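Data first, discussion second: the structure below is written as structure tokens.
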Amino acid sequence: MIAHLYKGDMTHARIHPVSHRFNYPIYFMSVDLDHLEALGQQVALFSYNRFNLLSIHDNDYLLGEGTIKEKLVRCLKESHKSYAASITTVQLLTMPRFVNYAFNPVSFYYCYDQKATLHCIVVEVSNTFHEKHLYFLDKENQLQQAANSGTLDSGAIAYGKTMRFQQDKAFHVSPFNNMDGDYRFQLTDLLDDVQIHINLHKEEAPVLTTSLSVNALPFTDRSLFQGMFKIPFTATIAMPKILWQAAKLYYRKGLSIHMKPKPSSELTFSTAKPSTAVSFRMGLFFRYLERLKIGALHIEFPDRSVKTFGDQHADFKAFLKIHNYAFITKVVKGGDIGLGESYMDGDWSSPELTNVFRLFLMNRKHLNYAKVKRNWFTDLTVRFRHFLRRNNLTGSRKNIQAHYDLSNDFFQTFLDESMTYSGGIYRHETDTLEEAQKQKLQAIIQKADIQPGEHVLEIGSGWGSLAIEAVKSTGCKVTSITLSEEQFAYAKEKAEQEGVADKITFKLCDYRNLEGRYDKIVSIEMFEAVGHENYGTFFNICDRLLKPNGKLVMQVISIADQFYDTYRSKTDWIQAYIFPGGMLPSLSAMTKAMIKDSTFMLNDLDNIGIDYAYTLREWRARFTEKQEAIQDLGFDEKFMRMWEYYLCYSEAGFLSKQVSNYQFVFIRPNE
């Protein structure tokens, strides 16, 4: 017979840490997927893709377009299962819709070849968050051969009365279980009596068992009609009973709840449909992306459908995978900040995140025409928060410490041995990060023309690498200032270790409180923390501190002049989450302030921006490699995603050449 109706019980038994057990009546049906249409013609009370007493609909199973069988075979192929092409028959064990009401926590696909050899059983599990996950049970994870195995195919399941499999847990179902452990599946074939047990094990001990025990009935109008008064009770009682038992576990037995993590497996997918409000926002988002002219952006949605924007034939492509429709709402309401926040929340991902940013930057002039703005309240909130971080004497210290005092141990995980946190200079493709940073430090020292015995002021100590290198290379004396307590402590200790502490004075000091006169002043990537309103003050103070004929050498990250006014008028994601109070200057903004408020003259200028892209790429590789070590320091997954976003975001800016990294040499004329 091509189909059976099964009736019986579903039992849930919790063993640890508390004991609890309940069951409820259940009904299933099995059907050969090739005979769904025929079954609908033979049995009046059953339909395929149409309303009836019982019905099966393609849209209720798996993802994408096509019949259930077509989608299943596609899943097997995409999962690189060697037997995918040999599958000819699939028997589905599932709970069909009853009068269009769907309650189907788990379905089983028994996959056979043309010789009726069983190659795999695919288990499709659902949760209450409109998510599903596929577990493939095959020879690779079968625990042992059945005692009466009769198969001759070495690539097939060892067939027997009972077949056992083991699979790591990869899907959140119950709030009372975290993601630890593995499942032990014990299944029979689709015989007159079907017994299926799914046991969750942790540390080799069972903590939860789920059992399905059903008996077969002929799939006829008579059997369906006789059971029709019991089936609605069966179908509708299950969910209320599950919720009632969950309440008992929480309130009576004190079982703790685990929040649902973001899906981490490619075999987990969402079946949720966007709400009317989200659909409207999606339309706005699509209209915005339709302005893309350069490159192609491929977006995969939670239902695995794909939409392409831009030039579909372009060589440059970026891929964005949406895991949660919350992404749409956050981006439409929050703009660039919403895009970053949704990435931090795990709402989307990309196999090459940098390319997503590069594509948007390539299309900047096209996208700027789109009148897509943040929600007014979001924009007001962000602006006010940034205002509170303005760079006065108190604010500057707080802003610097918010980023640089995260943890010296954290920065050591991805910086080079010298702990240099600025763009390097790569003279050859084979240069290491250590070599690039050494070459950058030497370039600053040489451009400043530091001589033995000279007194050099460094504004922005970092972790002391430039001060130490300058003293060791030239024999000069250095006064170095910082607002970071972590950097201050590390730099002092490092100078002691290097034997140059007598030549270097590190100070916790704001540049606005400096006194004295210096032969040279150097500053690497500190000016970005000064703020537009203080550019003139910075140059005026350096002018006062520098002796006649002295040099001021600065390395500064700079935004293109064309974008500066727009950039300065708002707060972006970097300012909101990475560098509070930060502000990239433009070349014109810097030189105008220098001309107006100092006697400096620009003597030399180099752009090493592309080298910063290489530096960031190396930092990102090290950061990714040390993820476990970073998490051991107490930083959570959201922090990790935030920093990944920051590193890729920055790398794209330099690769697109819309952000530069200049080395300036300013001369103070003789008085």
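The values are calculated or read from the model by the stated rules, or taken from the named source; none is laboratory data. What you see is a predicted model; the values in this text were computed from it and never measured. Virtual Cβ from ideal backbone geometry, glycine too; neighbours counted across all protein chains shown.
Residues in the stretch 402-428 that are within 14 Å of A489 (Cβ to Cβ) and more than 26 Å from the chain's Cα centre (by Cα): 1 in all.
In summary, S19 fulfils each of the numbered conditions (1) within 27 Å of H201 (Cα to Cα); (2) surrounded by 16 or more Cβ atoms within 10 Å (Cβ to Cβ) with the single exception of condition (2). Taken over the stretch 572-602, the criterion of being assigned to a helix (DSSP H, G or I) and among the polar types (S, T, N, Q) is satisfied by Q575, S588, T591. Only one entry in F136, F108, F51 is of a type in the set (F, W, Y), at pLDDT 95 or above and exposed (fewer than 14 other Cβ atoms within 10 Å of the Cβ), namely F51. Only one entry of E341, E300 meets the criterion of being acidic (D, E), under 23 Å from A272 (Cα atoms) and either modelled with pLDDT of 95 or more or surrounded by fewer than 16 Cβ atoms within 10 Å (Cβ to Cβ) (or both), and that entry is E341.
Quick check: is even one residue across the stretch 561-571 of a type in the set (V, I, T), modelled with pLDDT of 95 or more, crowded, with 20+ Cβ neighbours inside 10 Å and outside any helix (DSSP H, G or I)? Outline the logic, then answer.
Here is the first cut: in the stretch 561-571, the residues of a type in the set (V, I, T) are 566, 571.
Applying the additional criterion that residues be modelled with pLDDT of 95 or more yields none.
Scanning the stretch 561-571, I find no residue that is of a type in the set (V, I, T), modelled with pLDDT of 95 or more, crowded, with 20+ Cβ neighbours inside 10 Å and outside any helix (DSSP H, G or I), so the answer is no.
Where residues in the stretch 1-15 are small (G, A, S) and closer than 29 Å to P218 by Cβ, which of them is surrounded by the fewest Cβ atoms within 10 Å (Cβ to Cβ)? Per the stated criteria, the residue is G8. Scanning the stretch 509-558 for residues that are part of a strand (DSSP E or B), among the hydrophobic types (A, V, I, L, M, F, W, C) and under 24 Å from G423 (Cα atoms) yields I521, V522, I524, L552, V553, M554, V556, I557.
May I ask you to verify whether G550 is surrounded by 17 or more Cβ atoms within 10 Å (Cβ to Cβ) and under 41 Å from the mean Cα position of the chain (by Cα)? In short, no.
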